[in-house]
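Undergrad: Dropping the structure in here first, questions after.
The values are calculated or read from the model by the stated rules, or taken from the named source; none is laboratory data. The model shown is predicted, which means the values in this text are computed figures rather than measured ones. FYI the Cβ positions are ideal-geometry reconstructions off the backbone, even for glycines, and counts take in every protein chain you see. All accessible areas refer to the heavy atoms of the entire protein, side chains included, with ligands and DNA or RNA removed. Shrake-Rupley method; radii C 1.70, N 1.55, O 1.52, S 1.80 Å.
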Amino acid sequence: MLFNLGFFLGLFILAWLVFFLMNKNKLKKNKKPIWEINYVVNKFRLNKQLIDKQKIIRITNIINAFIISFVCTIISILPLSFMWQMLIAFVILFVMMYLCYELVGIYCVKKGWKKNGTRSSKN
């Protein structure tokens, strides 16, 4: 149990550093879009000018690190063959991505970053 928690924390810190460095370079160059932010902006019809990009990038870095470390920890605990582990990881990965980015979109709408006069995709 304690080993799994240490494994999770180690992966979380490592993944967060990787995402932090990747998105820091993308933000400096300002040429490459960050697909997570574009997904949330398009799905929830957010106003790009109102979004605090630094804050949303920090949130997405933490979420991505959490998703990767959570899936890897769960998969390492399961005593199944490699093929089953990869199939389960694939399903868990996409479910976690969908859920977490839905929460980010709801957070952005509550912050008031939505375009005026439009509804979110949930109608």
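Undergrad: Apply the Karplus curve 6.51 cos²θ - 1.76 cosθ + 1.60, θ = phi - 60°, to the phi angles in region 61-66 and return the couplings in whole Hz, x for Gly and Pro.
TA: Residue by residue, region 61-66 yields 4, 5, 5, 4, 5, 5 Hz.
Undergrad: Same structure, new question: Could you list which residues have their amide H under 5 Å from that of Lys114, counting only those 5 or more apart in sequence or on another chain, with H placed in the peptide plane?
TA: Asn47
Undergrad: Nearest 0.05, what FRET efficiency do Met97 and Leu2 give at R0 = 25 Å with Cβ-Cβ as r? List each step's numbers first, then the result.
TA: Numbers: r = 28 Å, r/R0 = 1.12.
In this case the efficiency is close to 0.35.
Undergrad: Related question: Once you have the Kirkwood Rh of the chain from its Cα pairs, apply Stokes-Einstein at 20 °C and 1.002 mPa s and quote D in µm²/s. Can you show the working numbers first?
TA: On the way: Rh = 15.9 Å.
Answer from the Stokes-Einstein relation: 134 µm²/s.
Undergrad: Helix-only estimate, please: 222 nm mean residue ellipticity of the chain, summing -39500 (n - 2.57) across DSSP H runs of length 4 or more and dividing by its residues, to the nearest 500.
TA: Rounded to the nearest 500, it is -26000 deg cm²/dmol.
Undergrad: Still on this model: Show which aspartates and glutamates lie in cross-link reach of Lys111 when reach means a straight Cα distance below 16 angstrom and same-chain residues fewer than eight apart are skipped.
TA: Asp52, Glu102
Undergrad: With each label point set 7 Å from Cα along the Cα-Cβ vector, what nm distance links Lys43 and Met86?
TA: The answer from the label model is 2.6 nm.
Undergrad: Can I ask one more? Calculate, for the chain, the solvent-accessible area per residue in square angstrom, rolling a 1.4 angstrom probe over the heavy atoms of the protein chains.
TA: Value returned for the chain: 69 Å² of accessible area per residue.
Undergrad: A further question follows. Highest mean first, what order results for 40-50, 83-93 on Cβ atoms within 10 Å? Display every interim value, and only then the final one.
TA: Working: 40-50: 16.1, 83-93: 13.1.
So the order, starting with the most tightly packed, is 40-50, 83-93.
Undergrad: Related question: Compute the angle between helix 82-110 and the longest alpha-carbon principal axis of the chain, please, reported from 0 to 90 degrees and rounded to the nearest 10.
TA: Between helix and principal axis, roughly 30 degrees.
Undergrad: Now for a different question. Estimate the FRET efficiency between Ser76 and Leu21 by the formula 1/(1 + (r/R0)^6), using the beta-carbon distance for r and 25 Å for R0, to the nearest 0.05. Write out the running numbers ahead of the final one.
TA: Numbers: r = 25 Å, r/R0 = 0.99.
The calculated FRET efficiency here is 0.50.
Undergrad: Arranged from highest to lowest average of other beta-carbon atoms within 10 Å per residue, in what order do the peptides 4-13, 61-70 appear? Mind showing how you got there, number by number?
TA: On the way: 4-13: 13.8, 61-70: 19.2.
Per-residue mean Cβ counts within 10 Å order the peptides as 61-70, 4-13.
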